[in-house]
Amino acid sequence: MKFSVKVNLPPSLNVWANQHWATRSREKNQFCNDVYGLLCEELECPLPQFEKLKVRYLIRSKRRMDEVNRIIINKLIGDSLVRAQIIPDDTPDHFEDEFPKWEFYDGRPEVIVTFESREVKRKMNIKRKEVKKNDLEKC
């Protein structure tokens, strides 16, 4: 099974590290909710649960970023998948990522995240309601 979602590019590692913890928490919750909503649009509900997901990133931006900025993207995507109960944990046993590809893009900065898995663990029994801004618990 292979599917993709397009998300906004999170802040750089320098910006993220220098933000107040409450601002970081709010941005993380918003990012997780956005990813959850996109996954619900892309996949049938109830969402499938995977034993292991392979993740690839295509970062499209006109700003220059250090290679370590993928840490923020990886962390937020991993937490979003765990929060949505798509993977049990964001450890390497369940979540494998490749080094991101970078592409100069003059439009709004974005990340195209492609997920790939051969094993579907099971369909979740939880019925999902329509996604609202704060449907999920905190990561």
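The values are calculated or read from the model by the stated rules, or taken from the named source; none is laboratory data. On a predicted model such as this, the values are computed, not experimentally measured, just so you know. FYI the Cβ positions are ideal-geometry reconstructions off the backbone, even for glycines, and counts take in every protein chain you see.
Computed values, structure above
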{"read-out": "Matching residues in segment 89-121 - criterion: being at pLDDT 75 or above and out of contact with any strand residue (DSSP E or B) (no Cβ under 8 Å at 6 or more places or on another chain)", "value": "ASP90, THR91, PRO92, ASP93, ASP106"}
{"read-out": "Matching residues in segment 79-88 - criterion: being touching a His at 6+ places or on another chain (Cβ under 8 Å) and either among the aliphatic types (A, V, I, L, M) or at pLDDT below 80 (or both)", "value": "ILE87"}
{"read-out": "Set LEU58, LEU76, LEU9: member being modelled with pLDDT of 80 or more, under 20 Å from GLY107 (Cβ atoms) and buried (at least 18 other Cβ atoms within 10 Å of the Cβ)", "value": "LEU9"}
{"read-out": "Segment 17-46, residues that are surrounded by fewer than 18 Cβ atoms within 10 Å (Cβ to Cβ) and of a type in the set (Val, Ile, Thr)", "value": "THR23"}
{"read-out": "Residues of segment 12-55 satisfying the condition of being modelled with pLDDT under 90, of a type in the set (A, V, I, L, M, F, W, C) and farther than 28 Å from ASP106 by Cα", "value": "CYS40, LEU43, CYS45, LEU47, PHE50, LEU53"}
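Yes/no per residue for (1) in contact (Cβ under 8 Å) with a residue 24 or more places away in the chain; (2) assigned to a loop (DSSP other than H, G, I, E, B); (3) over 21 Å from SER12 (Cα atoms):
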site	(1), (2), (3)
CYS45	yes, yes, yes
GLN49	yes, no, yes
VAL55	yes, no, no
LYS75	no, no, no
SER80	yes, no, no
PRO92	no, yes, yes
GLU96	yes, no, yes
